[in-house]
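The values are calculated or read from the model by the stated rules, or taken from the named source; none is laboratory data. Not measured: the values here are computed from a predicted model. Quick reminder, even Gly has a Cβ in these numbers, built from the backbone with ideal geometry, and neighbours come from all protein chains shown. Each accessible area value is taken on the protein alone, full model and side chains, heavy atoms only, with ligands, DNA and RNA left out. Shrake-Rupley method; radii C 1.70, N 1.55, O 1.52, S 1.80 Å.
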Amino acid sequence: LIVGRLVGFKGHNLLIEAWKKVHAAAPELKLCIAGNGELYEVLDKQIKDAGQENNVLLLGHVPNPHPRMQRSVFTLVTSVWEGFGLILLESWLHKKAIVAFDAPAMNEVIDHGVNGLLSPAGDTDDLAKQIVYLYREPGLAAKYGENGYQKLHNYYTLSRMTDETVEVYNQIINR
């Protein structure tokens, strides 16, 4: 499952390209793309041109993606850059491992081999390899999801964020 606006920097086109390789190795695995945006028609055409319409489901806008997230094996984030990406924390809320591109901010949040896997940004071969690997290692996917859940609840806390914000204000005041 990948959730997000269908815009260029989200890398959906790269994921669809990688999915041809994923499908060859794990034909039973389906990709669900939840989101809407300016590239909907372009991505729909890419899926059809690749003959992947039975393997890649372009869902459009999904008002509440959490039930789908709960049922997914893991989540994918193929952005080539992000400001933060709440989908990372939402995935961990459901104890889902994440496969993402090694790009800001994913590489600042995901610990490769601990709570997810990172592929070099734009490398569709490696992305496909990581997806298939994690799919074939469900125990590892569950472990990464649990580790992400722990990081969500131990690191991304209101008290830590509040304390760090106050510290920034104190530094500004003391200058």
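Quick notes on this one:
- Checked against (1) in a helix (DSSP H, G or I); (2) over 24 Å from ALA25 (Cβ atoms), LYS129 meets all criteria but (2).
- Put simply, of VAL114, VAL99, VAL77 the only residue that is open to solvent by 20 Å² or more (accessible area, probe 1.4 Å), among the β-branched types (Val, Ile, Thr) and modelled with pLDDT of 95 or more is VAL114.
Condition check ((1) more than 12 Å from ALA34 (Cα to Cα); (2) open to solvent by 70 Å² or more (accessible area, probe 1.4 Å); (3) touching a residue at least 12 places away in the same chain (Cβ under 8 Å); (4) over 13 Å from the mean Cα position of the chain (by Cα)) across all residues:
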| position | (1), (2), (3), (4) |
| --- | --- |
| GLN46 | yes, no, yes, yes |
| ALA50 | yes, no, yes, yes |
| GLU53 | yes, yes, no, yes |
| HIS61 | no, yes, yes, yes |
| HIS66 | no, no, yes, yes |
| GLN70 | yes, yes, yes, yes |
| GLU82 | yes, no, yes, no |
| GLU90 | yes, no, yes, no |
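- Residue among TYR135, TYR144 that is at pLDDT 95 or above, assigned to a helix (DSSP H, G or I), open to solvent by 20 Å² or more (accessible area, probe 1.4 Å) and aromatic (Phe, Trp, Tyr): TYR135
- Inter-residue pairs, beta-carbon under 9 Å, first more than 12 Å from LYS96 (Cβ to Cβ) and in region 132-143, second among the small types (Gly, Ala, Ser) and in a helix (DSSP H, G or I), 6+ apart: VAL132/ALA25; TYR135/ALA25; TYR135/ALA141; ARG136/ALA25
- Candidate set: region 61-117, residues that are touching a Phe, Trp or Tyr at 6+ places or on another chain (Cβ under 8 Å) and in a helix (DSSP H, G or I); chosen: the one farthest from LYS151 (Cα to Cα): SER91
- Those residues of region 109-153 which are among the β-branched types (Val, Ile, Thr) and under 18 Å from GLN70 (Cα atoms), in sequence order: ILE131
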